[in-house]
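The values are calculated or read from the model by the stated rules, or taken from the named source; none is laboratory data. Here the structure is a predicted model, which means the values were calculated and not measured. Cβ atoms come from the backbone with ideal geometry, glycine included; neighbour counts cover every protein chain shown. Only protein heavy atoms, including side chains, enter the accessible area calculation; ligands, DNA and RNA are left aside. Shrake-Rupley method; radii C 1.70, N 1.55, O 1.52, S 1.80 Å.
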Amino acid sequence: LPAGQSMILLQIETFEILGSVLVKQNIKKKAAVTIQGNPDVRTIAAKIKAELVRPVASLGGGRFGVFDRIYHMLRPLPNQQPGGGVQWVADTFKKAPPIHATKGNYSDITYTYREENSCKLGYNPTKQSVLPRCIGWISSYASLTHTPNLSPYSFFCEVGRGPRPFIAFAACPKTDGTDWKDAHRDAMETGVFAFNITTKKLAEAMNMSSAPCESSVSEFELAGLKYKNATSIDAPVLEDSPIVFECRYVTTIKVPEIKPKDSKYYLIVGEVLSIDIDKNILDDKGMVDIGKLQPVARLGYGQEYAVVDKLLNI
């Protein structure tokens with residue numbers, strides 16, 4: 001990072017979750033192999049319900065965004081073709097069934113990561129607790145083939161403001177452990193990448209671009225999306241995204257290990273060189289109108305999303 005700037009990474013030691021946001025499930029998952037090849041045999045005791053948490057998103061300038069509905073959308077699944085090859089089948093972006101409870105029906109939970117082998121809920125509650133999360137839809141060119149790549153990362157954030165703003169996204173190696181994911185590798189090798197904001201209209205295309213394809217496949221083509229060259233860097237950017245950050249790659253930070261090989265994540269940091277904003281999403285004061293933008297945020301579990309389209313009245 002530039003002189004005088006630093007980044008602090010905090011490890012979660014203990015989760016304290018109130019029973020008022022937990023809804024009892026008692027779901028026994030069958031021993032099945034997922035698309036990533038990991039057997040899932042958990043018993044889910046209770047779920048953290050975002051509708052009961054009612055989280056708030058910071059929009060800057062003293063403004064905060066909220067949402068009132070949960071959306072469901074599962075990741076793309078492979079369909080093997082008779083003549084060889086794979087066709088990816090994507091889910092639709094649809095409203096989840098509403099819950100009618102105003103309060104949870106489970107006991108309070110305390111889970112200390114370094115002292116307990118597993119959480120009483122039946123899963124690690126991190127993704128279900130850190131919400132809503134802006135989706136880092138990262139685009140880049142492969143250094144050797146110039147293949148335009150595009151993929152979403154659900155752990156993404158702004159890490160610096162002022163005259164030199166920075167953003168970062170977290171990535172792990174590919175599921176087979178043989179290589180970095182495309183956005184991570186491309187950023188390190190080409191020195192640049194772009195962030196494209198995901199809107200409600202683009203949600204299903206964003207989801208399709210998450211399919212774990214071969215590096216030779218362009219996710220732009222897979223998802224039926226058009227791209228153009230960025231204005232200040234050598235990277236593709238999504239034509240239909242109303243906000244695009246063009247970034248210079250700065251550094252990769254390995255998330256520290258506490259136990260041997262217990263961390264596989266890396267934080268990829270970029271300096272924002274330029275920001276392109278569609279004037280049609282601005283209000284009469286030149287501020288981004290969250291109702292016009294309708295950004296999609298990631299919530300918990302394997303399928304939950306939200307559209308942050310309302311301002312919190314304070």
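Name the shape class, rounded, prolate or oblate, that the alpha-carbon gyration tensor gives for the range 39-155, where a ≥ b ≥ c are the square roots of its eigenvalues, rounded holds for a/c under 1.5, and otherwise prolate holds if a/b is larger than b/c and oblate otherwise.
prolate
So how far apart, in nm, are the two label points at N229 and M7 if each is 7 Å from Cα heading toward Cβ?
2.9 nm
Using a 10 angstrom cutoff on alpha carbons, build the Gaussian network for the chain and name the most mobile of S232, S241, S210.
With Cα springs under 10 Å in the chain, the top fluctuation among S232, S241, S210 is at S232.
Y153's amide H: which non-local residues (gap 5+, or another chain) put their own amide H closer than 5 Å, with H modeled 1.01 Å from N in plane and none for Pro or chain starts?
Close amide H contacts, sequence-distant or interchain: G136, W137, I138.
Accessible area per residue for the chain in Å², computed with a 1.4 Å probe and the full protein assembly in place, what is it? Walk me through the intermediate numbers first.
Numbers: 17190 Å² over 314 residues.
Counting only protein heavy atoms, the per-residue value for the chain is 55 Å².
Pick from L202, L273, L59: which residue has the top mean-square fluctuation in a GNM of the chain where Cα pairs under 10 Å get a spring?
Among L202, L273, L59, the largest mean-square fluctuation in the Gaussian network model of the chain belongs to L59.
What number comes out for the charge environment of R69, summing +1 per Lys or Arg and -1 per Asp or Glu over other residues with Cβ under 10 Å away?
Net local charge, R69 excluded: -2.
If a paramagnetic tag sat 7 Å from the Cα of R164 along the Cα-Cβ line, which residues of the range 251-286 would have the backbone N under 11 Å from that point?
So the set is 271-272.
Can you pull the one-decimal nm distance between simple spin-label points at T14 and T251, each 7 Å off the Cα toward Cβ?
Placing both labels 7 Å beyond Cα along the Cβ direction yields 3.2 nm.
Which of F155, F15, F193 ends up with the largest GNM mean-square fluctuation for the chain, with Cα atoms connected below 10 Å?
Of the options given, F15 has the highest mean-square fluctuation.
At a 1.4 Å probe, what is the % contribution of carbon and sulfur to the accessible area of the range 143-263?
Result for the range 143-263: 53 percent of the exposed heavy-atom area is carbon or sulfur.
What is the dipole size for the range 165-297, taken about its Cα centre, with +1 at each Lys and Arg Cβ and -1 at each Asp and Glu Cβ, in debye to the nearest 20?
Working: 15 positive and 21 negative charges, 76 e Å.
Taking the Cα centre of the range 165-297 as origin, the dipole is about 360 debye.
Please state the charge dipole magnitude for the chain, taken about the Cα centre, from unit charges on C-beta atoms (+1 on K and R, -1 on D and E), reported in debye and rounded to the nearest 20.
The calculation lands at about 1060 debye.
Mind checking the range 218-314 for trypsin sites (Lys or Arg not before Pro) that DSSP puts in a loop (not H, G, I, E or B) and that have at most 15 other Cβ atoms within 10 Å? List each step's numbers first, then the result.
Numbers: sites: K226, K228, R248, K254, K261, K264, K279, K285, K292, R298, K310; in loops: K226, K261, K264, K285.
Filter output for the range 218-314: K226, K261, K264, K285.
Quickly estimate the mean residue ellipticity at 222 nm for the chain, helices only: each DSSP H run with n ≥ 4 gives -39500 (n - 2.57), and the total goes over all residues, rounded to 500.
Details: 6 runs with 31 residues, N = 314.
One gets -2000 deg cm²/dmol as the mean residue ellipticity at 222 nm.
Under 13 Å from the Cβ of L225, count the other residues' Cβ atoms, weight Lys and Arg +1, Asp and Glu -1, and hand me the total.
Within the 13 Å Cβ shell, the charges total -2.
Which one, A168, T145, S118, projects farthest toward the positive side of the charge dipole computed for the range 112-177 from Cβ point charges (K/R +1, D/E -1)?
A168
Once phi is turned into θ = phi - 60°, what whole-Hz ³J(HN,Hα) does the Karplus curve with 6.51, -1.76 and 1.60 give for every residue of the range 299-313, x standing for Gly and Pro?
Calculated HN-Hα couplings, in order: 10, x, 6, x, 9, 8, 9, 9, 10, 7, 10, 9, 8, 7, 7 Hz.
Once the other residues with Cβ under 15 Å from the Cβ of P165 are scored (Lys, Arg +1; Asp, Glu -1), what is the net sum?
-1
Given points 7 Å out from each Cα along the Cα-Cβ axis, report the N105 to C157 separation in nanometres with one decimal.
Here the answer is 3.5 nm between the modelled labels.
Of L267, G224, L9, which is farthest on the positive side of the dipole of the chain, counting Cα position, with +1 on Lys and Arg Cβ, -1 on Asp and Glu Cβ, and the Cα centre as origin?
L9
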